[in-house]
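S.K.: Below is one structure. I have some questions about it.
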Amino acid sequence: MRNVLTIIRRELGATFTSPVAYVFLVIFLALSGFFTFMIGGFFLRNEADLSSFFFWFPWLFILLVPAVGMRQWAEERRQGTLELLFTMPVSIPEAVLGKFLAGWIFLGIALVLTCPIVFTVCYLGSPDPGPIATGYTGCFLLAGAYLAISGMTSAFTRNQIVSFITSTVLCLLLVLIGFPPVTNLLLKWGAPAWTLDLSADLSVFYHFTGMQRGVFDLRDIVYFLSLTAFALFVTGSVLKNRRA
Amino acid sequence: MIEASNVRKNFGARTVVGGVSFSVGKGEVLGFLGPNGAGKSTTMRMITGFLPLSAGKITIGGYDIEENPVEAKQLFGYLPENAPAYQDMTVAGFLDFSASIRRLSGKKKADAIARAVKLCHLENVLQQTIDTLSKGYRHRVGFAQAILHDPPVLILDEPTDGLDPNQKHEMRELIREMSRTKAIIVSTHILEEVEAICTRVIIIDRGKLVFNGTPRELQEKAPYGHRLRLTVCASDDAPVRAMLEKLPQVRKAELLGKQEKTVSLAVYPAGSEKDFVSAVKKALDEHKWEFCELYLEHGRLDEVFRSLTTSDAVEGKEGAA
Ligand SMILES: Nc1ncnc2c1ncn2[C@@H]1O[C@H](COP(=O)(O)OP(=O)(O)OP(=O)(O)O)[C@@H](O)[C@H]1O
Ligand SMILES: [Mg+2]
C-alpha cells in the first residue's frame, strides 16, 4: 500500500509540474462552461438545475479523459522507465492502481474546479441538492471508468496517439450502444429486443443518465466500478505479459 | 547470490538467449561480454524480472525472480541499458522517489540519498530536471538510483557507457570497492574494464555461453598467448630474427615494422614462458644488439574475443533462428 502512495505522489508531482495539466484544466473548464450555457440551453430552460451541465459529460470525457490516460503506460514504455519501475520492488497491481488513482485524483480535482457553475445555479435559484450530488458522483465514476479504459489501451502501445484514438473509440462505443438514437436505429433494423436491453445495460449512457437525473441506484455504481476494475485487470495482465 | 540455470528467451520463433547458466557469489564481479545483439541485456532483463523467462530458473538470494519477484527485487540495484529515468523529474525528486519505493524513509532516506549523491558527484545538478542533463550525468543518476539502498546485488548494464575518462576510472574504482561486500554483474564492451574489475568473465555469442572463467584464463586463450615486443637498432631484421629463432625458448620472431634505423619485432615463446624474456635479452646482449624497447605483451583480450565470437548482425539472426 505504501508503494501505491509513493507512485501516486510521483505521478501527481509529474502531472502538476508539466504545463499539460494546466492546459487540460483550462480546456476542460472552458468546454464544460460552453456546453452548459451555450449549447445546453441553460438559460432557455428557465430552470435552476444542473442537468444541462451533467448531460454533456459522457461526450466531453470521451475526448478529455483519454488525453489524461494515454500517457500512463505509453510514456513509460517510450522513455524506458517501465524497465526501471518493474525492476523495483513494486508489484504490478500496485503500479497499476497507483497510476490509476493518481489520474483519477487529477480528474476529481478538475471536477471540483467546476464548482463555480454550481454556485451560479445556486445563486440564480434553489436547485435540488440530490441530483447535484448524484450527478457529480456519476461524473467521477464515469471519469474513472474512461480513465481505466484509456490506461488499458495505453498499456498496449508505446505510441500515445494510437492509445488516445483507441480509447476514444472504445469509450464512444460504450456510450453509443445505449444512446437512444442508435438503439432506435437498431430497433428499426430489426434487432431483437433482448440484445437492445443487453446493450443498454452495458452502456455508459444508460447508467449515467440515471445518476444525472438524481436517481441513486446501487446497480449504476456497481456497473461503473466493475467496468473500471475490469479495465484495470486487463491493464495488469497486458503489462505482465509485455514483450518490450 | 545470483543463480541462473538454463535460462532461455524466445521472441516469437527466434531464440535470443539459448540455455545460459552461471552463478555469482558475494565478492565476485562477473563481466558479461558479447558482441552487439548477443543477448546480454536480454539476460539482464530476465535476471531483474523485467522480462519473463521462456525456460529455466533464476534465483536471487534464494528468491525465485518469477515466483517471489518483490522479495527478489528488494535485493538488487539495477542500472538498465541507457539509464532510463523520468525525464521531467529533478534529480533530487527522482532519487527521493527511488528511495521511497525501496522503503527507505526519514533519516535513513536522507542519508542514503546523500551518500549516493556524493559517490556519483551529483551535488551540482540536484535541482536540474533529468532531461536537461548531459548523457554522462544521466548515467550517473541511473547509477545513483541503483546503489541508493546499498543492495547486496548490483546488476549494471554498460555502467561506464558515456562517462568521461575520469568518471570511468572512478566508476571502476567504485565497483571494485563495492565488490568486497556485494555480488555484481556488469556488461561491457570495454575489454580493459574486464581486466581491471572482473573476477570472472562470461562471453555470450548469439545467446550461447562460449566462455566462463577468469580474465586470466581468457587471456591465455589468446591465439598467441603472451609475446615479447622488441625494437632493435638494426637496419635489417633478417639476422636478428634468425638469431632469435635459433633459441630453444623462441617459437617465432615476426617483423612488425621497419623504421629508418630500427626494426620492431614480436617474439613468441615456445611452450613455457619461463626464462623466455631473459633468454632473449641475453642473446641480444651477446650479439651486441642495442634495443630501445623490450616488453612483454599479455594475451590480447580483443583477439580472444574475436576468435570466440564470430557473429555479426546477419549471422546472428540466422544462427539464433
Ligand atoms: N522485444 C524484443 N523483441 C524481439 N527481439 C528482441 C527484443 N528485445 C531484444 N531483441 C533481440 O534480441 C537480441 C539480443 O538483444 P540484446 O539487447 O540482449 O543484445 P545485447 O547483447 O545487449 O547487445 P548490445 O551489446 O548491443 O547491447 C537482439 O538481436 C535483439 O534484436
Ligand atoms: Mg545491451
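The values are calculated or read from the model by the stated rules, or taken from the named source; none is laboratory data. Since the model is a prediction, treat every value here as computed from it, not as a measurement. Reconstructed Cβ throughout: ideal geometry from the backbone, glycine too, with neighbour counts over all protein chains shown.
S.K.: For the range A:165-177, state whether one or more residues are farther than 17 Å from A:Phe205 by Cβ, at pLDDT below 95 and not polar (S, T, N, Q).
M.R.: Scanning the range A:165-177 turns up at least one residue that is farther than 17 Å from A:Phe205 by Cβ, at pLDDT below 95 and not polar (S, T, N, Q).
S.K.: Looking at (1) in a strand (DSSP E or B); (2) of a type in the set (S, T, N, Q); (3) outside the structural domain of B:Asn36 (by TED's automatic domain parsing), can you tell me which one B:Ser235 breaks?
M.R.: Here B:Ser235 meets the rest and fails (1).
This table checks each residue for (1) crowded, with 21+ Cβ neighbours inside 10 Å; (2) within 14 Å of chain B (Cβ to nearest Cβ).
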position: A:Leu5; (1), (2): no, yes
position: A:Pro19; (1), (2): no, yes
position: A:Phe28; (1), (2): yes, no
position: A:Thr87; (1), (2): yes, yes
position: A:Gly103; (1), (2): yes, no
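S.K.: Hand me the list of helices (runs of 4 or more DSSP H) wholly inside the range A:96-199 holding 2 or more residues that are out of contact with any Cys (no Cβ under 7 Å at 6 or more places or on another chain) and small (Gly, Ala, Ser). Steps first, answer last, please.
M.R.: Working: elements: A:115-124, A:129-156, A:160-176, A:180-188.
Helices (runs of 4 or more DSSP H) meeting the threshold: A:129-156, A:160-176.
S.K.: Can you find a residue in the range B:6-22 that is assigned by TED's automatic domain parsing to the domain that holds B:Val194 and within 20 Å of B:Gln74 (Cβ to Cβ)? Before you say what the answer is, go through the steps one by one.
M.R.: Taking the range B:6-22 as the starting set, the residues that turn out to be assigned by TED's automatic domain parsing to the domain that holds B:Val194 are B:6-22.
Within this subset, residues satisfying the condition of being within 20 Å of B:Gln74 (Cβ to Cβ) are none.
No, the range B:6-22 contains no residue that is assigned by TED's automatic domain parsing to the domain that holds B:Val194 and within 20 Å of B:Gln74 (Cβ to Cβ).
S.K.: Okay, next question. Could you check the range B:1-113 for strands (runs of 3 or more DSSP E) lying wholly inside it with 2 or more residues that are of a type outside the set (Ser, Thr, Tyr) and either touching a Cys at 6+ places or on another chain (Cβ under 7 Å) or within 16 Å of ligand 1 (Cβ to nearest atom) (or both)?
M.R.: In the range B:1-113, B:2-11, B:14-24, B:29-33, B:55-60 are the strands (runs of 3 or more DSSP E) which contain 2 or more residues that are of a type outside the set (Ser, Thr, Tyr) and either touching a Cys at 6+ places or on another chain (Cβ under 7 Å) or within 16 Å of ligand 1 (Cβ to nearest atom) (or both).
S.K.: Further question on the same structure: Under the condition of being touching a Ser or Thr at 6+ places or on another chain (Cβ under 7 Å) and either small (Gly, Ala, Ser) or within 11 Å of ligand 2 (Cβ to nearest atom) (or both), which residue from the range B:14-32 is farthest from the other protein chains (Cβ to nearest Cβ)?
M.R.: B:Gly27
S.K.: Can you pull out the residues in the range B:109-129 that are within 14 Å of chain A (Cβ to nearest Cβ) and either modelled with pLDDT of 95 or more or under 24 Å from B:Met178 (Cα atoms) (or both)?
M.R.: Kept after step one, since they are within 14 Å of chain A (Cβ to nearest Cβ), are these residues of the range B:109-129: B:109, B:127-129.
Listed by number, the list holds a single entry, B:Lys109.
S.K.: When the residues of the range B:153-171 are filtered to those that are within 25 Å of B:Arg306 (Cβ to Cβ) and within 16 Å of ligand 2 (Cβ to nearest atom), which remaining residue is nearest to the other protein chains (Cβ to nearest Cβ)?
M.R.: Filtering the range B:153-171 for residues that are within 25 Å of B:Arg306 (Cβ to Cβ) and within 16 Å of ligand 2 (Cβ to nearest atom), the one nearest to the other protein chains (Cβ to nearest Cβ) comes out as B:Asp157.
S.K.: Of the numbered conditions (1) farther than 24 Å from B:Ala85 by Cβ; (2) surrounded by fewer than 19 Cβ atoms within 10 Å (Cβ to Cβ), A:Leu107 satisfies every one except a single condition; which is it?
M.R.: A:Leu107 satisfies all of (1) farther than 24 Å from B:Ala85 by Cβ; (2) surrounded by fewer than 19 Cβ atoms within 10 Å (Cβ to Cβ) except (2).
S.K.: Moving to a separate point now. Of all the residues that make up the range B:172-192, how many are within 16 Å of ligand 1 (Cβ to nearest atom) and either surrounded by fewer than 20 Cβ atoms within 10 Å (Cβ to Cβ) or within 14 Å of another protein chain (Cβ to nearest Cβ) (or both)?
M.R.: First, the residues of the range B:172-192 that are within 16 Å of ligand 1 (Cβ to nearest atom): B:185-191.
Now narrow it down to the ones that are either surrounded by fewer than 20 Cβ atoms within 10 Å (Cβ to Cβ) or within 14 Å of another protein chain (Cβ to nearest Cβ) (or both): B:185, B:189-191.
Looking only at that region, the number is 4.
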